[in-house]
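Quick notes on the structure that follows.
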Amino acid sequence: MGRRLVWGLLIAFLCCAISLFLAPNDLHRSLVAATNHAQQDHHVNRAYNDALAKSILFFEGQRSGKLPADQRVTWRGDSALADGQPDNVNLVGGYYDAGDNVKFGWTISYTTSLLSWAAIEYRQQITSAGEIEHLRQAIRWATDFLLRSHTSSTTFYTQVGDGNKDHSCWERPEDMDTPRTLYKITSQNPGSEAAGDAAAALAAASMVFEHVDAAYSSKLLQHAKSVIKQLFEFADKYRGSYGASCPFYCSYSGYQDELLWGATWLYEATGDKKYHGYLTSNQGWSGSVSEFSWDNKLAGVQTLLAKVTL
């Protein structure tokens with residue numbers, strides 16, 4: 001009896017051992033699958049982190065002005081250091097548009113609001129990827145320029161450079177010799193799209209810097225909505241569609257979406273119910289749209305407000 005029990009245990013052990021080596025059991029398969037998934041997740045995360053890093057690095061290649069000592073795109077040099085001089089204002093900095101050497105304030109503002117939205121919505125993930133400081137630097141390079149462009153309560157510079165002449169001459173910004181023509185909006189020559197977008201960008205960026213540079217965050221909000229520097233109020237009070245950047249960036253959707261976009265980000269940044277009231281009073285401007293772009297912000301407005309109201 002005892003001998004049969006011993007042999008039975010030995011046979012059972014051998015069967016288990018053979019099955020383990022010749023045909024992996026469920027546990028073995030689970031371990032292999034888990035390892036494969038972990039390796040795949042690791043490769044996927046590395047790929048996403050690499051894409052994120054390169055996307056942010058792209059903006060360093062588009063920088064205009066005096067480049068900082070920690071500039072990573074080292075084949076770029078200082079450029080356009082006299083921007084704004086014809087009007088005795090400082091418009092150095094900001095970003096060049098696409099592959100040319102023109103600086104469009106309207107699209108810089110739109111880009112800044114989206115970068116800020118990403119920094120707010122996905123701060124933890126971007127921090128985990130080690131890119132949050134690079135992203136803040138990209139945002140600040142734009143907001144510093146937007147602050148310089150807002151030279152009075154009713155003056156905002158919206159473009160530096162002659163698009164037609166620039167596009168007819170392909171050259172590096174370090175070597176450019178095309179005119180650095182200045183364009184601006186005023187109470188007599190309004191552009192609600194450009195002003196509303198700038199207000200949105202500064203308000204969104206103020207949330208990015210709120211806990212890392214409170215003084216700078218406050219300055220951004222001050223320009224976006226305060227009594228002294230009132231970009232949003234300027235956009236709303238002196239209503240008019242922006243056409244200075246045509247034929248390169250024409251306002252096809254009108255200025256209502258930019259006014260709603262600016263009010264939405266100001267409401268997000270301040271919680272001030274007057275902006276919510278503005279949105280409610282003008283909700284008729286919104287509607288079903290098929291795109292979200294530099295020209296039409298309604299989908300972005302609806303997405304942000306849905307988070308607050310639902």
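FYI, it's all coordinate maths here, none of it is from the lab. Remember, it's a predicted structure, so these values are computed and weren't measured experimentally. Neighbour counts are summed over all protein chains in view; Cβ atoms, including those assigned to glycine, are modelled from backbone coordinates with ideal geometry.
Counting Lys +1, Arg +1, Asp -1, Glu -1, what net charge surrounds Thr151 among other residues with beta carbon under 9 Å of its beta carbon?
Cβ neighbours under 9 Å give a net charge of +1.
Charges only on Cβ, +1 for Lys and Arg, -1 for Asp and Glu: so what's the dipole of the range 102-194 about the Cα centre, in debye to the nearest 20?
300 debye
Could you rank the peptides 266-278, 96-108 by their average count of other C-beta atoms within 10 Å per residue, with the highest value first?
Values: 266-278: 17.2, 96-108: 22.4.
So the order, starting with the most tightly packed, is 96-108, 266-278.
Over all distinct Cα pairs, what is the inverse of the mean 1/r for the range 151-310, reported as the Kirkwood hydrodynamic radius in Å? Don't skip to the answer; put the middle values down first.
Numbers: mean 1/r = 0.0599 Å⁻¹.
After inverting the pairwise mean of 1/r, the radius is 16.7 Å.
Taking the Cβ of Gln71 as the centre, find all other residues whose Cβ is under 9 Å away and add up their charges (Lys, Arg: +1; Asp, Glu: -1).
The answer is +1.
Can you list the GluC sites (Glu not before Pro) in the range 70-148 that are in a DSSP coil and have 11 or fewer other beta carbons within 10 angstrom?
Passing sites in the range 70-148 do not exist.
Among the lysines, select those whose C-alpha is under 23 Å from the C-alpha of Lys165, and discard any that sit fewer than 8 residues away in the same chain.
Lys103, Lys184
Given +1 on the Cβ of Lys and Arg, -1 on the Cβ of Asp and Glu, and no further charges, what dipole in debye does the range 208-310 carry about its Cα centre, rounded to the nearest 20?
So the magnitude is around 260 debye.
In whole Å, what are the extents of the range 63-162 along the principal axes defined by its C-alpha atoms, from largest to smallest?
45, 34, 22
Can you give the Rg to Rh ratio for the range 157-216, taking only C-alpha atoms and Rh from Kirkwood?
Rounded to two decimals, Rg over Rh is 1.15.
How would you order 66-75, 81-90, 149-158, 192-201 from highest to lowest mean count of nearby Cβ atoms within 10 Å?
192-201, 149-158, 81-90, 66-75
Let me check I've understood the local charge: for Gln256, count other residues with C-beta under 14 angstrom from its C-beta, Lys and Arg +1, Asp and Glu -1. What total comes out?
-4
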